[in-house]
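The values are calculated or read from the model by the stated rules, or taken from the named source; none is laboratory data. Bear in mind the structure is a predicted one, so any value in this text is a computation, not a measurement. Counting neighbours? That spans all protein chains shown, and the Cβs are built from the backbone with ideal geometry, glycine included.
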Amino acid sequence: MTRSLFAEISKKKYWIESLGRAQTLNKDISDLFDMLSDDEAESKDIKKEIISTFGEYKNLIEELELRGMLSRPEDKKDCMFTIHAGSGGTEASDWANMLLRMYTRFFDIMGFKWEQVDLIPGDTVGIKSVTVEVKGEYAYGYLKSESGVHRLIRISPFDAAHKRHTSFSSVYVLPEADDIEVTIDPSDLRIDTYRSSGAGGQHVNKTDSAVRITHIPTGTVAASQNERSQMFNKDTAMKLLKAKLYQKKLEEEKARLSTLEDEKKENSWGSQIRTYTFQPYNLVKDHRTGIETGNTGAVMDGEIKKFVRGYLIKYGKFE
């Protein structure tokens, strides 16, 4: 059997088992309500069980709702997740690093495996850009909601005058592509090697192990410097290049079909998708869906599923 057939069997198995579990939980809740009596002591424990069971039921239904919206072929793929600091030097580099921390915690919450494949550090703090390979079931489907510009408003810890600053970072999420979907002519590639950048010390690479690959016809560039082996970095850079070319292919198809026009406008630079305000009040607001929360600490610790869900409800579609 082909890999796609195995994937389809796994998908249908998930739905059958999950729907069966949902029916069982629904019946359990009904049975627990029937067990309630006028005895307060006895009913107290039953009410706790009802709340617990209903919580599990609600989470399962919401998960099924999200899965139902991830119906596009690319949604089930692994992805490349890139963060670029905007203009603003130290402030923007620090904000990009804060976003990296937030997202890697979200990856952990979702049970995704992730590995940093390329990083350019900031001049003094933070990062200028970073690319992370994210693997997991429907990784791209869940993370595509994060593509766009993210704005931070806060009192700068780097400003002696304690003035309020606004910083921007952009996020790009690309579905990984395999050889069947993207065919690349080796003669269209320019491959450059260079030394990995880093903070210095004994771990800085002394050889030209980092790899940058340029697809000449489109000008698309991909780089990797995470591994000490040039061969591994070349493989990773090629994987990232294919993901970028595959994304380009998807965008061209969408343009031909004249779909998702509003979404593309919102994801353009200068039109942020989400604002994170730390001063003079605490608020994180998604400008596409209107969803907001004052618990900025939880958001920066990776609790962003409500924003992902809101995006999929507005822009997703059921099969």
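Looking at region 229-243, which of its residues are charged (D, E, K, R) and touching a residue at least 40 places away in the same chain (Cβ under 8 Å)? Passing the criteria: K234, K239, K242.
Against the test of being under 28 Å from E74 (Cα atoms), at pLDDT below 90, of a type in the set (A, V, I, L, M, F, W, C) and outside any helix (DSSP H, G or I), the options I213, I184, I191 yield a single qualifying residue, I184. Here is the figure for region 126-171: residues that are of a type in the set (S, T, Y), over 20 Å from H287 (Cβ atoms) and assigned to a strand (DSSP E or B) total 2.
Taking the conditions (1) outside any helix (DSSP H, G or I); (2) modelled with pLDDT of 90 or more; (3) in contact with a Ser or Thr (Cβ under 8 Å, 6 or more places away or on another chain) in turn, F307 satisfies each one other than (1).
Please verify whether region 100-113 includes one or more residues that are without any contact (Cβ under 8 Å) to a residue 24 or more places away in the chain and out of contact with any His (no Cβ under 8 Å at 6 or more places or on another chain). Among the residues of region 100-113, at least one is without any contact (Cβ under 8 Å) to a residue 24 or more places away in the chain and out of contact with any His (no Cβ under 8 Å at 6 or more places or on another chain), which makes the answer yes. In region 221-237, what count of residues is obtained for those that are modelled with pLDDT of 90 or more and either surrounded by fewer than 19 Cβ atoms within 10 Å (Cβ to Cβ) or of a type in the set (F, W, Y) (or both)? Matching residues across region 221-237 total 1. On the given criteria, is K58 within 30 Å of T131 (Cα to Cα), charged (D, E, K, R) and within 34 Å of the chain's Cα centre (by Cα)? For K58, the condition - within 30 Å of T131 (Cα to Cα), charged (D, E, K, R) and within 34 Å of the chain's Cα centre (by Cα) - is not met. Quick one: is N97 within 22 Å of G136 (Cβ to Cβ) and either crowded, with 19+ Cβ neighbours inside 10 Å or not basic (K, R) (or both)? Spelling it out, it is not the case that N97 is within 22 Å of G136 (Cβ to Cβ) and either crowded, with 19+ Cβ neighbours inside 10 Å or not basic (K, R) (or both). In the condition set (1) at pLDDT below 90; (2) among the small types (G, A, S); (3) in a helix (DSSP H, G or I), A92 is compliant with all but (1).
With respect to the stated conditions, I29 fails to be among the β-branched types (V, I, T), in a helix (DSSP H, G or I) and without any contact (Cβ under 8 Å) to a residue 12 or more places away in the chain. For region 53-89, a residue qualifies if it is assigned to a helix (DSSP H, G or I) and of a type in the set (A, V, I, L, M), and the qualifying residues are L60, I61, L64, L66, M69.
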